[in-house]
Amino acid sequence: MEDEIFVKPDEALDYIKNNVKKHDTLELSYNRVYAPGEVLGVEVEEDWGEESLMVSIHLSGDLVNDVVRVNMNNIKDDLLEVRHLNNEKEVILVVEDDA
């Protein structure tokens, strides 16, 4: 089952924080970057009094298959699409311009 949802950047971060779990697949498309992989963790950290959403992903590319930590707050305005896949369903978040 596939759901497509149109969201603002902050709503995309809220969705990730509340719904993405360890071992899910997350495909991030932002700016000119496509980063698909298995989620190793979703953490909320506080830095200088501001909350940051950190997602650790084991990339599943042929050339690059490293583990990366993505500060979602830093890229939220560049997000184009987020695909979240788990055993139950696939959710596609189409990120609309915040303006």
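The values are calculated or read from the model by the stated rules, or taken from the named source; none is laboratory data. What you see is a predicted model; the values in this text were computed from it and never measured. With ideal geometry, Cβ positions are generated from the backbone for all residues, glycine too; neighbour counts draw on all protein chains shown. Areas reflect the complete protein model, heavy atoms only, side chains present, ligands, DNA and RNA absent. Shrake-Rupley method; radii C 1.70, N 1.55, O 1.52, S 1.80 Å.
Can you pull out the chymotrypsin sites (Phe, Trp or Tyr not before Pro) in the stretch 1-74 that DSSP calls coil and that have at most 12 other Cβ atoms within 10 Å?
Answer by residue number: W48.
Can you pull out the trypsin sites (Lys or Arg not before Pro) in the stretch 18-99 that DSSP calls coil and that have at most 15 other Cβ atoms within 10 Å?
K21, K22, R32, K89
Which ³J(HN,Hα) values, rounded to whole Hz and listed in residue order, are derived for the stretch 35-52 from phi using the Karplus coefficients 6.51, -1.76 and 1.60 in 6.51 cos²θ - 1.76 cosθ + 1.60 with θ = phi - 60°, glycine and proline given as x?
With coefficients 6.51, -1.76 and 1.60, one gets 10, x, x, 8, 6, 9, x, 10, 10, 9, 10, 10, 10, 6, x, 10, 7, 10 Hz.
Could you work out the local net charge near S29, counting Lys and Arg as +1, Asp and Glu as -1, over the other residues with Cβ closer than 11 Å to its Cβ?
Charge balance in the 11 Å sphere: -1.
With θ set to phi - 60° and the Karplus curve 6.51 cos²θ - 1.76 cosθ + 1.60, what are the ³J(HN,Hα) couplings of the stretch 26-31 in order, to the nearest whole Hz, using x for Gly and Pro?
After applying 6.51 cos²θ - 1.76 cosθ + 1.60, I find 10, 10, 9, 10, 8, 6 Hz.
Counting pairs on different chains as well as pairs 8 or more places apart, how many Lys pairs in the stretch 2-95 have Cα atoms under 16 Å apart?
Step by step, the pairs that qualify in the stretch 2-95 add up to 5.
For the chain, modelled as a GNM with alpha-carbon contacts under 10 angstrom, which of V68, V44, V82 fluctuates the most?
Comparing V68, V44, V82 in the GNM, the peak value goes to V44.
Over the chain, average the accessible area per residue using a 1.4 Å probe and give it in Å², no decimals.
Averaged over the residues of the chain, the accessible area is 65 Å².
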